[in-house]
Amino acid sequence: MAARSVNLTVEQGTDFTTTFTIKNPDGTVLPLTGYTAAAKIGKHPSASSTTDFSVSITAASGKVTLTLTNSVTADLEPGRYYYDVVIENSGGSKSRVIEGMVLVTAGLAS
């Protein structure tokens, strides 16, 4: 399964949530029963310092939700980052399903 490319914008110091529906190559929803998911954001693909998204799965509908709290986004410097979402089935097989760039924008209010 090839990773879908989706770019995101995160406003520094605010709560961020986005949801993706994971689909099979034929376009049908991939039921995520028995799957786990992880997602990270970093300055570049080989960055040693990354930030984890909180990830939740709605298995029957194939949905993966990524969340960053306002305290986490406040610690991100404005600029461009990379992120990806990896799912793992109960057999231990991993697939990168979403990837892209994140633009973190600065705000004036705290």
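General remarks:
- Just one of the numbered conditions (1) over 18 Å from Asn89 (Cα atoms); (2) of a type in the set (Gly, Ala, Ser); (3) open to solvent by 80 Å² or more (accessible area, probe 1.4 Å) is not true of Ala60: (1).
- So Asp52, is it open to solvent by 40 Å² or more (accessible area, probe 1.4 Å) and more than 18 Å from Arg4 (Cα to Cα): yes
- Leading residue by the ranking (nearest to the chain's Cα centre (by Cα)) among those in segment 31-49 that are under 20 Å from Ser90 (Cα atoms) and surrounded by fewer than 17 Cβ atoms within 10 Å (Cβ to Cβ): Ala38
- So Arg96, is it open to solvent by 70 Å² or more (accessible area, probe 1.4 Å), within 17 Å of Gln12 (Cβ to Cβ), of a type in the set (D, E, K, R) and not in a loop (DSSP other than H, G, I, E, B): no
- Which numbered condition Asp15 fails, given (1) touching a Leu at 6+ places or on another chain (Cβ under 9 Å); (2) open to solvent by less than 70 Å² (accessible area, probe 1.4 Å): (2)
- Filter result for the condition that a residue is touching a strand residue (DSSP E or B) at 6+ places or on another chain (Cβ under 7 Å), in a strand (DSSP E or B), within 14 Å of Thr9 (Cα to Cα) and in contact (Cβ under 8 Å) with a residue 60 or more places away in the chain, over Ile87, Ile41: Ile41
- Condition met for Thr67 (polar (S, T, N, Q) and in contact (Cβ under 8 Å) with a residue 12 or more places away in the chain): yes
- If you go through segment 48-61 and keep only what is more than 14 Å from Thr18 (Cα to Cα) and in contact (Cβ under 8 Å) with a residue 24 or more places away in the chain, you end up with Thr51, Ala59, Ala60, Ser61.
- Residue check: Leu32 meets all listed conditions (1) touching a strand residue (DSSP E or B) at 6+ places or on another chain (Cβ under 7 Å); (2) within 21 Å of Val102 (Cα to Cα) but one, namely (2).
- Scope segment 8-30; condition more than 10 Å from the chain's Cα centre (by Cα) and either within 23 Å of Gly79 (Cα to Cα) or hydroxyl-bearing (Ser, Thr, Tyr) (or both); matching residues: Thr9, Val10, Glu11, Gln12, Gly13, Thr14, Asp15, Phe16, Thr21, Thr28
The values are calculated or read from the model by the stated rules, or taken from the named source; none is laboratory data. Just so you know, these numbers come straight off a predicted model, no measurement behind them. Reconstructed Cβ throughout: ideal geometry from the backbone, glycine too, with neighbour counts over all protein chains shown. In case anyone asks, the SASA skips ligands and DNA or RNA and just uses the protein heavy atoms, side chains included. Shrake-Rupley method; radii C 1.70, N 1.55, O 1.52, S 1.80 Å.
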